[in-house]
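Presented below is the structure to which this report refers.
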Amino acid sequence: MADNIFSIKTKDKATKARIGVLRTKSGEIETPFFMPVATKTVVKHVTTENLEGMRAKAIICNAFVLSMRPGVELIEKAGGIGKFMDWKGIVFTDSGGFQMYSPSLYEGSTDEGVKFRNPFSGEELFMTPEKNMEIQVGLGSDVAMCLDSMPLLENSKEEIEEAIRKTAIWAGRCIGHHKIIQKDIPKEKKQILFGIIQGGVYEDLRKISSKYLVDLDFEGYSIGGLALGETREQEMRMIEIVKKFIPENKPVYLMGAGNPGELVEAISRGVDIFDSRFPTKNARTGTIFTWKGRLNVRGEKCKEEFAPLDEDCDCFVCKRYTRAYIRHLLKHREGVGFQLASYHNLYFLQRLMDKCKEEIRKGTFDSFRKKIAELYADSE
Ligand SMILES: [Zn+2]
C-alpha cells in the first residue's frame, strides 16, 4: 500500500542515480528535485510568483516555527500552507527538531519530548512526537517529517548514540500517532510521513539508525545530520551506508544539501530529494552559481562588467540585468538585489535538476556529475 507513493522510472547504468515519481495529495513530482526553503511560508526575498517563474514544484516549510507564529489555527483557517501563500505546488514540512535544539530555545529533552522556550512569548513549551504530528497535519503539508533528536557535528559519539536512540523511540510514536489522526482521511488525501536517519559521521551509528527506521516501514526516508560541515567524502560515505538499508523503492531525502557538487554526487548515490538555504544565503553575500563555477559578484572585477550573472542562464535576471548593477544593489544591501541574486541561484539549481534527469535519460550522467563536482569541489 505505502509503496505506490513512489515509483522509479529510469535507472542510470553507471551510477545509482534514478528518475522517479513521488505522488502527493497536491500532485506528482519527478525526482530528483530541489526544494527552496520557505521556513516561514516564504523563501527569503522570493515571491510565490518567482517560485512559479523558476518552475519549482516543491518547497519546504518549518512546522515548529509556524506553530509558534502565526500558529497552526490561523494556517488551518487559511486552508493550509499552500492556500495561505497561494502556492499550488507541493509542500514539505520539517518537524523543526533542528530549530528546537538551538541554544537560545532549547531547555532539555527526555524520552517524552523536547522542552524549549517560545522566543516570541517567553512561554515554556514541551514538544512531544504526537503534538508535532498534529501540528504538521494541521498545517496541511503534503509530506511531513518525524520529530527527531538532532545531534550536532561537534557532539561526542555517546551524545549521537543517545540522539539516535531517542530518534528511534520518537519515530515509532510519530508513525503510530500519524496513522491514528489520519485514519478517516481517504488515501489520496493523506499526508505522507518520512522517517529521519541520524548518526553523525559514524558508520556504525548510521547503520543502527537505518535499521531502527526501516523496521518501522516509513513511506520515505530522510538523511539528517549531514551537510553540517563534515567533508564531502564523509557525507557521501554516510549516504552509501544508509542506502544499503533503505529499500530501493522508497524515496530518499538528503536534508540541508544545496551545493551543486554535493547534489550531483548524492544523486549518483541514489538520493532523490534535496532542500537547502545554501543558494539564497550565498546569493545574499554575492556568491552566484554559474555553469562555469562560482562567481563572486561583489568582487572588484564585476564593478564594470555589463554582462549577465551567467551567460548560459536564461532566467529573467540574466536576460535583463548586469553583474555591475546587481553588485551595486548588493553592496547597498538593497532588497531587490537580494531578490535578483536569490532568484538566479535557485533557478540554477532547478535547471541543474532538469539537466541531471536529461543526462540520466541519455546515459551520460556520470560524466556530467564529474564536471559539476569538479566545478563545485569545495563545500563552501
Ligand atoms: Zn540567471
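The values are calculated or read from the model by the stated rules, or taken from the named source; none is laboratory data. Computed from a predicted model, the values in this text were never measured in an experiment. Cβ: placed from backbone, ideal geometry, glycine included. Neighbour counts: every protein chain shown.
Some notes on this structure:
- Candidates Ser102, Ser67, filtered to the one that is among the polar types (S, T, N, Q), out of contact with any Gly (no Cβ under 8 Å at 6 or more places or on another chain) and more than 27 Å from Phe348 (Cβ to Cβ): Ser102
- Only listed residue being assigned to a helix (DSSP H, G or I), modelled with pLDDT of 95 or more, at negative phi and within 14 Å of the ligand (Cβ to nearest atom), chosen from Ala373, Ala283: Ala283
- Candidates Phe274, Phe289 - the one that is crowded, with 19+ Cβ neighbours inside 10 Å, under 29 Å from Gly225 (Cβ atoms) and more than 16 Å from the ligand (Cβ to nearest atom): Phe274
- Any hit, region 250-262, residues being basic (Lys, Arg), touching a residue at least 12 places away in the same chain (Cβ under 8 Å) and within 28 Å of Met133 (Cα to Cα): yes
- Of residues in region 60-94 being free of Cβ contacts under 8 Å to residues at least 60 places away in the same chain and touching a strand residue (DSSP E or B) at 6+ places or on another chain (Cβ under 6 Å), the one surrounded by the most Cβ atoms within 10 Å (Cβ to Cβ): Thr93
- Looking at Leu254, Leu228, just one residue is more than 15 Å from the ligand (Cβ to nearest atom), over 19 Å from Leu346 (Cβ atoms) and of a type in the set (A, V, I, L, M), and that residue is Leu228.
- Reported count of residues in region 308-340, each being touching a residue at least 60 places away in the same chain (Cβ under 8 Å), under 17 Å from Leu295 (Cβ atoms) and either more than 8 Å from the ligand (Cβ to nearest atom) or of a type in the set (Val, Ile, Thr) (or both), is 1.
- From Ile196, Ile208, residue being closer than 29 Å to Gln234 by Cα, part of a strand (DSSP E or B), at pLDDT 95 or above and among the aliphatic types (A, V, I, L, M): Ile196
- Cross-chain or 6+ apart pairs with Cβ under 6 Å, region 346-360 first and within 14 Å of the ligand (Cβ to nearest atom), then assigned to a helix (DSSP H, G or I): Leu346/Pro279; Leu349/Pro279; Leu352/Pro260
- Selection within region 286-323 - in a strand (DSSP E or B), in contact with a helix residue (DSSP H, G or I) (Cβ under 6 Å, 6 or more places away or on another chain) and hydrophobic (A, V, I, L, M, F, W, C): Phe289
- Residue count, region 19-52 (criterion: in contact with a Ser or Thr (Cβ under 9 Å, 6 or more places away or on another chain) and assigned to a helix (DSSP H, G or I)): 1
- The lone exception for Lys9 - which of (1) part of a strand (DSSP E or B); (2) among the charged types (D, E, K, R); (3) under 18 Å from the mean Cα position of the chain (by Cα) it fails: (3)
- For Ala266: the one exception among (1) closer than 26 Å to Thr93 by Cβ; (2) in contact (Cβ under 8 Å) with a residue 60 or more places away in the chain; (3) crowded, with 23+ Cβ neighbours inside 10 Å: (2)
- The one condition in (1) closer than 27 Å to Arg18 by Cβ; (2) at pLDDT 95 or above; (3) of a type outside the set (Lys, Arg); (4) more than 16 Å from the ligand (Cβ to nearest atom) that Glu300 fails to fulfil: (1)
- Only one entry of Met54, Met100, Met85, Met35 meets the criterion of being in contact with an Asp or Glu (Cβ under 9 Å, 6 or more places away or on another chain) and among the hydrophobic types (A, V, I, L, M, F, W, C), and that entry is Met35.
- Only residues that are touching a Ser or Thr at 6+ places or on another chain (Cβ under 8 Å) and charged (D, E, K, R) were counted in region 166-185, giving 2.
- Just one of the listed residues (Ile175, Ile197) is over 20 Å from the mean Cα position of the chain (by Cα) and at negative phi, and it is Ile175.
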